[in-house]
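Colleague: Take a look at the following structure, please.
The values are calculated or read from the model by the stated rules, or taken from the named source; none is laboratory data. No experiment lies behind these values; they were computed from the predicted model shown. Virtual Cβ from ideal backbone geometry, glycine too; neighbours counted across all protein chains shown.
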Amino acid sequence: MSTEFTLDPVSAADWPESIEDMQQSFAGGLNVYRTMAHHPELLRAWANLRQHVVNETSLGEQRSEVVILRTGVRLNSGYEWSQHVARARSRGLDDTRISSLRRSVADMNPSDAVLAQAVDELFADAGLSNETAKALVGLVGIEGMFDLMATVGFYSTLGFILNTAKTPLDSDIAADLAAAPLID
């Protein structure tokens, strides 16, 4: 009889000394990064890319959330989906728009459909079709196209970690979603 593999987020008491300076930053605040703290060197290296992808992306706040949510759908990552439903709401996306990201691109507004199609193609083909690349560059520019691909790669890695470790959703997000479930 085998038991399921899980990897609990690192507690404050067990936080690695080598990344002690990161505990009070983004790293200590979310279960995903507390799980990554099992590999301190990776978490430290992750910080600069995270800063760009999460805070400095040329996609802008709302488009970035569209890309992250669609990536969460493609990864079947309940953690990423839930975490970013809350964040998308705080960035002005309504529940109808958020919910559409679980469905066919035909059910989305045109801009979201371009972004979601790009995410879907990256998962299916490891690249963008000529048509999608042109539409994406027309919507967000060359830097935006690169930022979309970096976002998908970044959140795919997080999704692999979350899904493998079975990282639990952060309690504040779980409470927020319980109090205000996503309206489909």
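Colleague: Can you name the number of the only condition in (1) touching an Asp or Glu at 6+ places or on another chain (Cβ under 7 Å); (2) under 17 Å from residue 150 (Cα atoms); (3) among the hydrophobic types (A, V, I, L, M, F, W, C); (4) part of a helix (DSSP H, G or I) that residue 46 fails?
Modeller: Residue 46 satisfies every listed condition except (1).
Colleague: Right, residue 128: modelled with pLDDT of 95 or more, in a helix (DSSP H, G or I), surrounded by 18 or more Cβ atoms within 10 Å (Cβ to Cβ) and more than 14 Å from the chain's Cα centre (by Cα) or not? Can you show your working first?
Modeller: On the way: modelled with pLDDT of 95 or more: yes; in a helix (DSSP H, G or I): no; surrounded by 18 or more Cβ atoms within 10 Å (Cβ to Cβ): yes; more than 14 Å from the chain's Cα centre (by Cα): yes.
Spelling it out, it is not the case that residue 128 is modelled with pLDDT of 95 or more, in a helix (DSSP H, G or I), surrounded by 18 or more Cβ atoms within 10 Å (Cβ to Cβ) and more than 14 Å from the chain's Cα centre (by Cα).
Colleague: Tell me, which residue of region 148-183 that is under 25 Å from residue 120 (Cβ atoms) and β-branched (Val, Ile, Thr) is farthest from the chain's Cα centre (by Cα)?
Modeller: 183
Colleague: Considering region 1-23 alone, what residues qualify as being surrounded by 12 or more Cβ atoms within 10 Å (Cβ to Cβ), part of a loop (DSSP other than H, G, I, E, B) and either touching a residue at least 60 places away in the same chain (Cβ under 8 Å) or not hydrophobic (A, V, I, L, M, F, W, C) (or both)? Before you say what the answer is, go through the steps one by one.
Modeller: Within region 1-23, the first condition is being surrounded by 12 or more Cβ atoms within 10 Å (Cβ to Cβ), and the residues that meet it are 7-10, 15-16, 18-19, 22-23.
From what's left, part of a loop (DSSP other than H, G, I, E, B): 7-10, 15-16, 23.
Correct list: 7, 8, 9, 16, 23.
Colleague: Among all residue pairs at least 6 apart or on different chains, which show Cβ distances below 7 Å where the first residue, located in region 151-163, is under 16 Å from residue 52 (Cα atoms) and the second is assigned to a helix (DSSP H, G or I) and acidic (Asp, Glu)?
Modeller: Partner pairs satisfying both residue conditions: 155/80; 158/80.
Colleague: Could you tell me whether residue 104 is small (Gly, Ala, Ser) and surrounded by fewer than 18 Cβ atoms within 10 Å (Cβ to Cβ)?
Modeller: Numbers: small (Gly, Ala, Ser): yes; surrounded by fewer than 18 Cβ atoms within 10 Å (Cβ to Cβ): yes.
So residue 104 passes the test.
Colleague: Of the residues that make up region 70-82, is at least one crowded, with 22+ Cβ neighbours inside 10 Å, in contact with a His (Cβ under 8 Å, 6 or more places away or on another chain), assigned to a helix (DSSP H, G or I) and not polar (S, T, N, Q)?
Modeller: Yes, region 70-82 has at least one match.
Colleague: Do you know which residues across region 122-154 are closer than 19 Å to residue 80 by Cβ and not aliphatic (A, V, I, L, M)?
Modeller: So the first thing to find is which residues in region 122-154 are closer than 19 Å to residue 80 by Cβ, and the list is 122-124, 147-154.
If the condition is that a residue be closer than 19 Å to residue 80 by Cβ and not aliphatic (A, V, I, L, M), then 123, 147, 151, 153, 154 are the ones that fit.
Colleague: Does any residue in region 107-127 that is acidic (Asp, Glu) come within less than 6 Å, Cβ to Cβ, of a residue that is assigned to a helix (DSSP H, G or I) six or more places away or on a different chain, and which pairs are these?
Modeller: Listed by first residue and then by second, the contacts come to 107/100; 112/66; 121/132.
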